[in-house]
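Visitor: If you scroll down you'll find the structure; I have some questions about it.
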Amino acid sequence: MAPHGKELSEDLKKRIVALHKDGLGYKKIAKTLKLSCSTVAKTIQRFNWTGSTQNRPRHGRPKKLSARAQRHIQRLSLGNRRMSAASIAAEVEGVGGQPVSAQTIRRTLHQIGLHGCRPRRKPLLKMMHKKARKQFAEDKQTKDMDYWNHVLWSDETKINLFGSDGVKRVWRQPGEEYKDKCVLPTVKHGGGSVMVWGCMSAAGTGELQFIEGTMNANMYCDILKQSMIPSLRRLGRRAVFQHDNDPKHTSKTTTALLKKLRVKVMDWPSMSPDLNPIEHLWGILKRKQEECKVSNIHQLRDVVMEEWKRTPVATCEALVNSMPKRVKAVLENDGGHTKY
């Protein structure tokens, strides 16, 4: 016997009708096809009434929200992207008087292509930052790869002993939240970290230097003389040096030193880490460091230096090759944030 409620195929319905037309009764048809008599009877009666074995259209449960209410929900969510589903439900109920659950709001937003996502963390861009970024992109949009290949990119970053400061996720089953593999170990005072200054170009990684204590303009000038200049010279006379607008980088002491050394410095828009390919190289370095399971600062320094030197030239080259796309993305977003 077929399970209760199971939909019959069109072929099976047509066989029922054909057997009935041949003169067989409900019981014989049911026995032949191993169906219940009621199923056979309903199929034949539906055919006699409608002249077809196909089911009539099913309308289902009517929508709780009207088209007007759905448009109102869409306006609220697009007007305030951080408004929760519960807040939108309360707003809709306050206007229309109709109680709506937060789940209904989520389902409605999903139908129009809106989904709750973790917002990307990006620097705060003011109008002057957007204008500067757009101007930079306009000036550089005609530069070919020969220009970008002669740029020495630089930056500072902090590398933690116990991983990054970002949000971590783990795959786990119910009841596994306290297993060793599913927890993120923490230590008092963060476990320690190191600050590093590094540089790179399309030809590969340059010098990497650890920063002891708080870096000031004088310390930065020492780094430039000891680590930046040797890396810059390897790029030839056409080399251009890039660093951001940190006060130590734009101080009178630093500016005077770079002028004395006759270093060509790229004009750089503030709040633009997405335009600096070395930012992605830091991410690669930190992921490599996390895989090594270091337990103290000395091991951390050794691993960081080793992984930095082992970085393939192809990785640096690929990052620099993305510069035309980065510039184009800034222009397309009118100086705003990009995916990089």
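Visitor: Report yes if Val304 is over 15 Å from Leu224 (Cβ atoms) and outside any loop (DSSP other than H, G, I, E, B), otherwise no. Before the answer, list the steps.
Guide: Numbers: over 15 Å from Leu224 (Cβ atoms): yes; outside any loop (DSSP other than H, G, I, E, B): yes.
Taking the combined requirement at face value, the residue satisfies it.
Visitor: So which residues in segment 307-324 are outside any helix (DSSP H, G or I) and loosely packed, with under 14 Cβ neighbours inside 10 Å?
Guide: Step one: of segment 307-324, the residues outside any helix (DSSP H, G or I) are 310-312, 322.
Within segment 307-324, Arg310, Pro312 meet the criteria.
Visitor: Wholly within segment 1-94, which helices (runs of 4 or more DSSP H) include no fewer than the required count, namely at least 1 residues that are polar (S, T, N, Q)? Show your work before the answer.
Guide: Details: elements: 10-21, 26-33, 37-50, 67-79.
In segment 1-94, the matching helices (runs of 4 or more DSSP H) lie at 26-33, 37-50, 67-79.
Visitor: Where the second residue is basic (Lys, Arg) and the first is more than 14 Å from Ile112 (Cβ to Cβ) and lies in segment 48-74, which pairs have Cβ atoms under 7 Å and are six or more apart or on separate chains?
Guide: Going by the 7 Å Cβ cut-off, the qualifying pairs are Thr53/Lys13; Thr53/Lys14.
Visitor: Looking only at segment 77-111, how many residues end up being surrounded by 11 or more Cβ atoms within 10 Å (Cβ to Cβ), more than 12 Å from Leu65 (Cα to Cα) and basic (Lys, Arg)?
Guide: 1
Visitor: Just one of (1) assigned to a loop (DSSP other than H, G, I, E, B); (2) buried (at least 16 other Cβ atoms within 10 Å of the Cβ); (3) out of contact with any Gly (no Cβ under 9 Å at 6 or more places or on another chain); (4) not charged (D, E, K, R) trips up Gly336, so point out which.
Guide: Going through the list (1) assigned to a loop (DSSP other than H, G, I, E, B); (2) buried (at least 16 other Cβ atoms within 10 Å of the Cβ); (3) out of contact with any Gly (no Cβ under 9 Å at 6 or more places or on another chain); (4) not charged (D, E, K, R), Gly336 breaks only (2).
Visitor: Need a quick list: helices (runs of 4 or more DSSP H) entirely within segment 230-293 having at least 1 residues that are in contact with a Gly (Cβ under 9 Å, 6 or more places away or on another chain) and of a type outside the set (Gly, Ala, Ser).
Guide: 278-291
Visitor: Which pairs turn up if I take residues in segment 213-237 that are closer than 9 Å to Lys248 by Cβ and look for partners that are among the basic types (Lys, Arg) and part of a helix (DSSP H, G or I) with beta carbon separation below 6 Å, at least 6 apart in sequence or on another chain?
Guide: Ala217/Lys248; Tyr220/Lys248
Computed from the coordinates by the stated procedures, all read-outs in this text should not be read as laboratory data. Treat the numbers as computed from the prediction; the structure is a model and nothing was measured. Cβ atoms come from the backbone with ideal geometry, glycine included; neighbour counts cover every protein chain shown.
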